[in-house]
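Engineer: The structure follows.
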Amino acid sequence: MYKPVKTEVIPDVFWVGVNDWSIRTFHGLDTDEGSSYNSYLIMDEKPTLIDTVKCPFAQEHIERIQSVIELSKIEYLVMNHSEPDHSGAITKIYALMPQATIITNMKCKENLELLYPELKTLNPKWLVVDNKSQLNIGTRTLSFIPVPMIHWPCNMFTYCKADSTLYSNDGFGQHLATTERWADQLPLERVMHIMNVYNANILAHIPVLIKNALVQASKLDIKYILTAHGVGWRGETIALLLEEYSRLANQSYKKKVAIIFDSMYGSTAKAAIAMSEGVKSTGAMVDVVDLKASSLTAVALYMFDSACFAFGSPAINSTMMPLVESAINHCRGLKLLAGKTGAIFGAYGWAGAPTINDMTEALKKCNANIDEVKLQWKLQVNDEILVKSYEMGVKLGMKALEIGK
Ligand code: FEO
């Protein structure tokens, strides 16, 4: 009978997760390279399962666990997070291991009970832990580190001192389906890019909490970080990872301007291009995002590490284009514009020029600074507008050079 191949990631610790090769959107986030829902089995005197997987993958998860051990022999199930991509299979899994105790924090337990009322019929044994708890599983002892909002209030890290291993769940993860289990087994630039898509769209809005998580992690001897998505980290890649997270925590922006626009007949687009030339002339970098050809995921990716920004929209029915409104709103939710200096630009037609007001209001809600740089014109751009667009780019580029690192 076919059995999945055992995947031992460190001695006596097995990856028993699943790859989701097909997923292309994850609650609105583009996942062009799929994802994985990682779960780990620590084979000690008291076998311990760390996290489960998304519900549709429960059977594959069970088979992967069975390639190492019968579920009836597992003594603990540690749940680091309650979101269904890691907990969806819990009822099916627990039904096969009712002898096990579920180890988690109070917030996570409350969420799991709300998400899976059917779990109650299995009368599960719970052990609620906090940052002072220690769980002996044989030759190893596990401890727990609350890391609220990485990614939900319930998130925690589990740490195993004997293996110098941090089970980080969403922290340090990437949406990536792969048969490799470590970042150093893939081109690192590719892994970092995928991780930045994840960070920009999931974690960029909580720099203080990321900093707190990094402080907690810095107190530990860590040789291995086993994530719940994508690949884990070991060796020299850990320092690079922490450097990238530190940049995120410190909102350390690049000397870069993100120009985000929509256009009807190309007038606003021409101004965007002229503006990008102006930015470039200063030596700063520039990302140009045409919303007709890009997703909100890309907007967040290009915005999160930019020191300055510009939003361009022609007027439509007395306001801005819907894609622009949506992009600004997406950035607002992720707090990607707070404190940043930006510009507004765009063409108008019969409706006059109310777009600037609406965009100003929308950007004020993002706590962005757009007092000085606004540019609007009727219908087609002319040389004068293109020169002004270029100059606007120069102004933003200079600012980005001043702020960026
Ligand atoms: Fe991967 Fe917040 O779950």
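The values are calculated or read from the model by the stated rules, or taken from the named source; none is laboratory data. Quick caveat, the model's predicted, so the values are computed rather than measured. Neighbour counts are summed over all protein chains in view; Cβ atoms, including those assigned to glycine, are modelled from backbone coordinates with ideal geometry.
Engineer: Checking Leu49 against (1) surrounded by 20 or more Cβ atoms within 10 Å (Cβ to Cβ); (2) over 15 Å from Ile93 (Cα atoms), which test does it fail?
Structural biologist: (2)
Engineer: Let me ask something else about it. Would you call Val381 in a helix (DSSP H, G or I), among the β-branched types (Val, Ile, Thr) and over 18 Å from Ser306 (Cα atoms)?
Structural biologist: no
Engineer: Additional query: Suppose we filter the stretch 171-186 for residues that are buried (at least 22 other Cβ atoms within 10 Å of the Cβ) and under 16 Å from Asp85 (Cβ atoms); how many remain?
Structural biologist: 6
Engineer: Here is a follow-up. Of all residues being in a loop (DSSP other than H, G, I, E, B) and in contact with a strand residue (DSSP E or B) (Cβ under 6 Å, 6 or more places away or on another chain) in the stretch 79-94, which is nearest to the ligand (Cβ to nearest atom)? Just the residue, please.
Structural biologist: By that ranking, first place goes to His81.
Engineer: Which one is farthest from the ligand (Cβ to nearest atom), of the residues in the stretch 202-233 that are more than 18 Å from the chain's Cα centre (by Cα) and not in a helix (DSSP H, G or I)?
Structural biologist: Asp221
Engineer: Test each condition in (1) under 23 Å from Leu296 (Cα atoms); (2) assigned to a loop (DSSP other than H, G, I, E, B) for Ala347 and report the one that comes out false.
Structural biologist: Going through the list (1) under 23 Å from Leu296 (Cα atoms); (2) assigned to a loop (DSSP other than H, G, I, E, B), Ala347 breaks only (2).
Engineer: Now, a different point. Would you point out the residue of the stretch 187-201, among those that are assigned to a helix (DSSP H, G or I), more than 16 Å from the ligand (Cβ to nearest atom) and of a type outside the set (Lys, Arg), that is surrounded by the fewest Cβ atoms within 10 Å (Cβ to Cβ)?
Structural biologist: Checking each candidate, the answer is Glu189.
Engineer: Tell me, which strands (runs of 3 or more DSSP E) lie completely within the stretch 118-186 with 1 or more residues that are touching a residue at least 24 places away in the same chain (Cβ under 8 Å), within 16 Å of the ligand (Cβ to nearest atom) and within 24 Å of Asn19 (Cα to Cα)?
Structural biologist: Filter on the stretch 118-186 gives 156-160, 165-169.
Engineer: OK, next. Within the stretch 202-224, how many residues turn out to be modelled with pLDDT of 95 or more and buried (at least 17 other Cβ atoms within 10 Å of the Cβ)? Give the steps one after another, and end with the answer.
Structural biologist: Within the stretch 202-224, the first condition is being modelled with pLDDT of 95 or more, and the residues that meet it are 220-224.
Okay, now just the ones that are also buried (at least 17 other Cβ atoms within 10 Å of the Cβ), so 222, 224.
Summing the residues that are modelled with pLDDT of 95 or more and buried (at least 17 other Cβ atoms within 10 Å of the Cβ) in the stretch 202-224 gives 2.
Engineer: Does Lys3 satisfy being modelled with pLDDT under 95 and either surrounded by 24 or more Cβ atoms within 10 Å (Cβ to Cβ) or part of a loop (DSSP other than H, G, I, E, B) (or both)?
Structural biologist: Details: modelled with pLDDT under 95: yes; either surrounded by 24 or more Cβ atoms within 10 Å (Cβ to Cβ) or part of a loop (DSSP other than H, G, I, E, B) (or both): yes.
It is true that Lys3 is modelled with pLDDT under 95 and either surrounded by 24 or more Cβ atoms within 10 Å (Cβ to Cβ) or part of a loop (DSSP other than H, G, I, E, B) (or both).
Engineer: To continue, here is another question. What's the number of the only condition in (1) within 15 Å of the ligand (Cβ to nearest atom); (2) not in a loop (DSSP other than H, G, I, E, B) that Ile62 fails to meet?
Structural biologist: Answer for Ile62: the failing condition is (1).
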